[in-house]
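Student: Just passing along the structure, written as structure tokens.
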Amino acid sequence: MKKYIAEFLGTLVLVLFGTGVAVVSGGNLVATSMAFGLAIVAEAYAIGGVSGCHVNPAVSLAMYISKKLSKKDFVYYVLAQVLGAIAGTTVLFFILSSTNFGTVALGANYYGEMSANNISIIAAFITEVTLTLVFIYTILGVTSNEKNSAIAGLVIGLTLTFVHLIGIPLTGTSVNPARSIGPALFTGVKAIEQLWLFIIAPLIGGAGAAYLFEYLNEEEKTKKR
């Protein structure tokens, strides 16, 4: 139960601070990217020893495919992450509702005319798959060796930061279905209508990262045996 609570709290913090900075900074690219990255760094060292700090259904899927997570844990991790994201957006909503920032923009992800630069649906899909694959492949790589445990959180946080630096002007950067679900539920019909892309594309990217990592490191695993 403790690991599920950790995933809930970790995702709450990620969404609250990541999307919160996006709103209060007026969508500042560097500030928002750093907020998501630093949130992951903090959470990695805070709850990494309890749950592994997935805080992302796409990460949990990759770990399940890599046989590092049981089917039961996968289901409960995803449930905890989604509920944590919704809770994080709920907290942000009530905070912003008493300020001049308003609650219209809560960090929802978009494509098409709703996006910052009118990205097409196909380009948005490719963007999210690619960015998620890069992010999760890095996670699998840096956590595959126990010698990297001291710096793993920092590497993962920095990777999430540079993923956001390119992704924010395109789709707002999801790479995390839970992170997209929370804001979409509070933002409106259009965000909910487009939510499918920001669920499916990151999951495909996560699965792709797992299979690619397994394929490229097959010889190394054989040697260890």
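Just so it is clear, none of the values below were taken in a lab; they were calculated from the coordinates. Note that the structure is a prediction, hence the values are computed from the model and not measured. All Cβ positions, even for glycine, are placed from backbone atoms using ideal geometry, and neighbour counts span all protein chains on display.
Student: Between region 52-87 and region 142-216, how far is it from one alpha carbon centroid to the other, in angstrom?
Tutor: 13 Å
Student: For the Cα atoms of the chain, what angle does the longest principal axis make with the long axis of helix 177-187, in degrees from 0 to 90, nearest 10?
Tutor: 10 degrees
Student: Here's another thing I want to ask about it. What number does region 1-90 give for Rg over Rh if you use C-alpha atoms and the Kirkwood radius?
Tutor: 1.01
Student: What's the angle, to the nearest 10 degrees (0 to 90), between helix 149-167's Cα axis and the longest principal axis of the chain?
Tutor: 40 degrees
Student: Using only Cα atoms, tell me the angle between helix 195-216 and the longest principal axis of the chain; keep it within 0 to 90° and round to the nearest 10.
Tutor: It is inclined by approximately 20 degrees.
Student: With runs of 4+ DSSP H residues as the only contributors, calculate the mean residue ellipticity of the chain at 222 nm using -39,500 (n - 2.57) per run, divided by the residue total and rounded to the nearest 500.
Tutor: Dividing the helical sum by the residues of the chain leaves -25000 deg cm²/dmol.
Student: Here's a follow-up. Just how large is the dipole of the chain about the Cα centre, in debye to the nearest 20, putting +1 at every Lys and Arg Cβ and -1 at every Asp and Glu Cβ?
Tutor: 580 debye
Student: Give the total of Lys-Lys pairs in the chain with Cα-Cα distances below 15 Å; include a pair only if its members are 8 or more places apart or on different chains.
Tutor: Lysine pairs satisfying the spacing and distance rule in the chain number 6.
Student: Please state, as a whole number in µm²/s, the translational diffusion coefficient that the Stokes-Einstein equation yields for the chain at 37 °C and 0.692 mPa s, with Rh defined as the Kirkwood radius across alpha carbon pairs.
Tutor: After rounding, the answer is 190 µm²/s.
Student: Rank Thr132, Ile200, Tyr4 by how far each Cα sits towards the positive end of the charge dipole of the chain (+1 on Lys, Arg Cβ; -1 on Asp, Glu Cβ) and give me just the farthest.
Tutor: Projecting each Cα onto the dipole axis, the largest value belongs to Tyr4.
Student: Next up: Rg (Å, one decimal) plus Dmax (Å, integer) for the alpha carbons of region 53-130?
Tutor: 16.4, 47
Student: Still on this structure, I have one more. Rounded to the nearest 0.05, what FRET efficiency do Asn148 and Lys71 have when you use their Cβ-Cβ distance and R0 = 22 Å?
Tutor: Once the sixth-power term is evaluated, E becomes 0.20.
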